[in-house]
Amino acid sequence: MKEQLLAKAFQAMENAYAPYSNYHVGACVECKGGNYYIGANIENASFGLTNCAERSAIFAAYSNGYRKEDIVGLAIVSDGDRIAAPCGACRQVLNELLKKDTPIYLSNGKEEVVTTIKDLLPMSFDMEDVL
Ligand code: THU
């Protein structure tokens, strides 16, 4: 599972549209039943409108009807010298859209880290704080 997720994330990275940063990120969400949803970072001349790869992928999974209970893993890969850990905005999104202990695999092709959103965003602001 991990190998396939990472391979699909690296394929997705090929679709990155990153003419400004030239930093390419790919992501893949695996859902129960063997469905995979990929995403890449998509930049914009109005920089703030850039969409990160992991948000693209998880929004695709949700857009296809899947919810956090259905998601078994997420891979995020980059072509940087260091592993791309999700940005703060993505952590907040993943905190709501993933289960706290769903494995998140990070790789840059040289190193690999397995983590969870619980570890990436401790003391998080959650849905329960609002509802
Ligand atoms: N980026 C992602 O897609 N995911 C991350 O986890 C970190 C950053 C993108 C946003 C932007 O297109 C480029 O990487 C440089 O910040």
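Can you list the equivalent-ellipsoid semi-axes of the chain, largest first and in whole Å, using the square root of 5 times each Cα gyration tensor eigenvalue?
Values for the chain, descending: 21, 17, 15 Å.
Assigning unit charges at the beta carbon (Lys, Arg +1; Asp, Glu -1) and nothing else, what dipole magnitude in debye, to the nearest 20, does the range 42-94 show about its Cα centre?
180
List the lysines whose alpha-carbon lies under 24 Å from that of Lys110, not counting same-chain residues fewer than 8 positions away?
Lys2, Lys8
Pop the C-beta distance of Ser21 and Asp129 into the FRET formula with R0 = 35 Å and round what comes out to the nearest 0.05.
0.60
Got a sec? Which residues in the range 112-131 would a label at Arg91 touch, if it sits 7 Å along Cα→Cβ and we count backbone N under 20 Å?
Only 112-130 pass the distance filter.
Within the chain, what's the longest run with no GluC sites (Glu not before Pro) in a DSSP loop and at most 12 other beta-carbon atoms within 10 Å? Give the range, please.
15-110
In the chain, which longest range has no chymotrypsin sites (Phe, Trp or Tyr not before Pro) that are both DSSP loop (not H, G, I, E or B) and surrounded by at most 13 other Cβ atoms within 10 Å?
In the chain, the maximal stretch lacking such sites is 24-124.
Hey, got the dipole for the chain? About the Cα centre, +1 on K and R Cβ, -1 on D and E Cβ, debye to the nearest 20?
The calculation lands at about 120 debye.
Under 10 Å, Cα contacts only: if you run a Gaussian network model on the chain, which one of Asn35, Asn95, Asn15 comes out with the highest mean-square fluctuation?
With Cα springs under 10 Å in the chain, the top fluctuation among Asn35, Asn95, Asn15 is at Asn35.
Picking from Lys68, Lys100, Lys110, which is most flexible by a Gaussian network model of the chain using Cα springs under 10 Å?
Lys110
Could you work out [θ]222 nm for the chain from helices alone, using -39500 (n - 2.57) per DSSP H run of at least four and dividing by all its residues? Round to the nearest 500 deg cm²/dmol.
Calculated mean residue ellipticity at 222 nm is -8500 deg cm²/dmol.
Rule-based calculations on the coordinates, nothing more; no lab input. Computed from a predicted model, the values in this text were never measured in an experiment. Cβ coordinates were reconstructed from backbone atoms using ideal geometry, including for glycine residues, and neighbour counts include every protein chain displayed.
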